[in-house]
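Data first, discussion second: the structure below is written as structure tokens.
The values are calculated or read from the model by the stated rules, or taken from the named source; none is laboratory data. Model, not experiment: these values are computed from the prediction. Positions of Cβ are backbone-derived with ideal geometry, glycine not excepted, and every protein chain shown enters the neighbour counts.
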Amino acid sequence: MSRAPDDSLKNAVALTYSQTDAAPRVVAKGRGLLAEQIIARAHEHGVYVHESAELVSLLMQVDLDQHIPPQLYLAVAELLAWLYQLENGAAAAPPPLFAGPAEVPGEP
């Protein structure tokens with residue numbers, strides 16, 4: 001079975017979170033060239049880029065400037081906790097693996 005041309009394009013989602021936020025928010029997302037630009041911009045600014053096709057696929061369903069849905073809190077919280085440890089020199093383990101819902105309820 002052949003792949004549709006869009007299936008081979010890379011996706012990227014950028015999140016932001018501060019302790020005053022209710023939940024992380026999607027601040028950028030894109031496919032193909034736009035995804036590559038998001039990733040390049042992250043690298044330029046020293047922002048960690050985590051690769052998880054499953055998590056990105058679900059986050060792509062979240063509208064820009066919207067908080068992530070509760071179904072993704074645990075997966076994103078584990079990743080943020082790991083990043084916090086990494087930034088403070090305590091993370092020796094690999095990043096957490098995503099094992100979340102198959103889809104985000106209420107999204108197409």
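A few remarks follow.
- Single unsatisfied condition, Gly106 versus (1) at negative phi; (2) at pLDDT below 75: (1)
- Check on Met1, of a type in the set (A, V, I, L, M, F, W, C) and modelled with pLDDT of 85 or more: no
- Whenever a residue of segment 44-65 is in a helix (DSSP H, G or I), its partners that are among the aromatic types (Phe, Trp, Tyr), lying with C-beta atoms within less than 6 angstrom and at least six residues away or across chains, give the pairs Glu54/Phe98; Leu55/Phe98.
- Scanning segment 18-41 for residues that are surrounded by fewer than 17 Cβ atoms within 10 Å (Cβ to Cβ) and either within 15 Å of Asp65 (Cα to Cα) or in contact (Cβ under 8 Å) with a residue 60 or more places away in the chain (or both) gives Ser18, Asp21, Ala22, Ala23, Val27.
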